[in-house]
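The values are calculated or read from the model by the stated rules, or taken from the named source; none is laboratory data. Quick caveat: nothing in here was measured; it's all calculated off a predicted structure. When we count neighbours, we look across all protein chains shown, and the Cβ atoms used for this are built from the backbone with ideal geometry, even at glycine.
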Amino acid sequence: MVATSYQRGDWANEGAQNVTYRAKLGAGLPAALLAGTLVAPLAYYFPGGAEGVRADVEQELTDKATPMAAAAGDGYSIEFNGRDGYLTAPEGADVDDLVEDIEAIRGVRDVEVERTGAAVVPAADDAEVAEIPAEFSVAWGASGLSGNGTLPADRSASIGDAMGDGFDYAAGEQYTLTANAASAVEDAIPAIGADLPEGTITVIDGARVRITGVPADADAFNRLQAQFGDRDDVVLDIGGEPAPAEPDPAAFTFAYDGAGWSQSDGATPENFDYVSVLFGVDATTGENLVVGDNVGRDVSDARRFFGNGLDEGSISVDFDQVTVTGVAASAEDADAIRAALGDRPNVTLDLEAPEASTTELAQAELDALFECCTIEFVTGTATPTAETEELIDRIGEVLTRFPEVSVDVNGHTDSDGDEALNQELSESRATAVVNALIARGIDADRLTPQGFGESEPIADNDTPEGRQTNRRVEIVAKEGV
């Protein structure tokens, strides 16, 4: 609610005048009593007697009307005789609005205006209004908001009206409020009843703001501290505890140089202490750090390839992402690492591997042929079977594509029979394969037959299956002709 602030009018000499207004009956008392026609029964209505009642009425009306007169400026005063008011005002001043407001006070019958000899001096257009620092205080809680004070006229909407009906304030151009203080109050209004279910906002000397209360929860505490805690013009006096800080994503790197590990960057979470054992280093840790759910598993799985397929490299973590970089000992090692980790969505592999040599490429193709077939002979002889002739055709095709590659053709037998005869049989079978390849156009200088008899079994000779496996011819690629 806004109290009217009365300003002096621009009037010339009008002379003293008396203005009498129609009486208004106060609410709540019998009309006849207020009109003065029921004197005898006063003691019945008011045990203090008629004189006591009159004095009380005069005092009450004076208390209510005096602030209005004072707000109008110098030279204004009001006093009451019974329920009749006598307003003293400077000569020439426009008092109609003031008289109307005083007559609206319950119990006032009428108001007469008495002029003083001093005339109202018209103010110059550029005259400055005396500044008064705005001051106010509001408090709120379960029962609502209440408060009072003064505000600059240009803040009556953004502060006064925003506070609500419970804030009883006077607004005027003479009241000042610094921009910082006004901004702080406007920023604090949304917290009323929300982040601060109960509390106070107080402005002193038009510049200092004090906010008190107990935040609704820990998050509200954090918001209020972030918004007002560092403002020089605000005293924030709130209870409660701050909410735990949100954890920060951890980022760190461990590097492997072929001889051991070192932590080259970042910090690990404090509860990630097993990395010290995993990497054999005293890891640097940080407070309130966190990594993704699967990071521990992925780091541990990647670690086992270093020194066992990866000659050097690093493992880096950025919250839930794991990056593995390194130099693989061979293309096969790189492929093994990709097979183990490449399908994991949060793992990135950046691997280098030496390019496969011509010999390795040729051996890979030869091995692929033997995944489905074997070189077989008619039992007890060195004569290849018809199916083996087809396999030898394909072996010849591979050697034709890699003319710079030579091969050893190694014959093996099982342990059945005489050892010397088995040795002779393995040599004969190796030579038979070499002759078959020569017949298909492969230079004899690229082919070396060797027999190992029963000396290099790869399965159990005590079972039929094992003996069959041991009866074999292997093709081993080698560099040079």
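One table, with the values for the structure above:
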item: Condition check for Ala430: in a helix (DSSP H, G or I) and touching a Pro at 6+ places or on another chain (Cβ under 7 Å); result: yes
item: Scope the range 264-321; condition more than 14 Å from Thr253 (Cα to Cα) and of a type in the set (Ser, Thr, Tyr); matching residues; result: Tyr274
item: Residue that is in a loop (DSSP other than H, G, I, E, B) and under 28 Å from the mean Cα position of the chain (by Cα), where the choices are Gly296, Gly292; result: Gly292
item: Verdict on Ala142 being surrounded by fewer than 17 Cβ atoms within 10 Å (Cβ to Cβ), modelled with pLDDT of 90 or more and more than 17 Å from Asp168 (Cβ to Cβ); result: yes
item: Ile159 surrounded by fewer than 22 Cβ atoms within 10 Å (Cβ to Cβ), part of a helix (DSSP H, G or I) and of a type in the set (Val, Ile, Thr); result: no
item: Scan of the range 65-113 for residues that are in a helix (DSSP H, G or I), of a type outside the set (Asp, Glu) and exposed (fewer than 15 other Cβ atoms within 10 Å of the Cβ), ordered by number; result: Pro67, Ala70
item: Residue ranges of strands (runs of 3 or more DSSP E) in the range 200-273 with at least 2 members of a type outside the set (Lys, Arg), within 30 Å of Val138 (Cβ to Cβ) and modelled with pLDDT of 90 or more; result: 208-213, 234-238
item: Extreme residue, surrounded by the fewest Cβ atoms within 10 Å (Cβ to Cβ), among residues of the range 386-413 that are part of a strand (DSSP E or B) and touching a Gly at 6+ places or on another chain (Cβ under 7 Å); result: Ser406
item: Search result, residues across the range 225-259 that are out of contact with any helix residue (DSSP H, G or I) (no Cβ under 8 Å at 6 or more places or on another chain) and on the phi > 0 side of the Ramachandran plot; result: Gly258
item: Residue within the range 268-281 that is in contact with a Phe, Trp or Tyr (Cβ under 7 Å, 6 or more places away or on another chain), exposed (fewer than 13 other Cβ atoms within 10 Å of the Cβ) and assigned by TED's automatic domain parsing to the domain that holds Pro345 present; result: yes
item: Residues that are in contact with a Ser or Thr (Cβ under 8 Å, 6 or more places away or on another chain) and either small (Gly, Ala, Ser) or in a loop (DSSP other than H, G, I, E, B) (or both), drawn from the range 310-355; result: Gly313, Ser314, Ser316, Gly326, Ala353, Pro354
item: Residue ID - surrounded by the most Cβ atoms within 10 Å (Cβ to Cβ), chosen from residues in the range 359-383 that are aliphatic (A, V, I, L, M) and not in a loop (DSSP other than H, G, I, E, B); result: Ala362
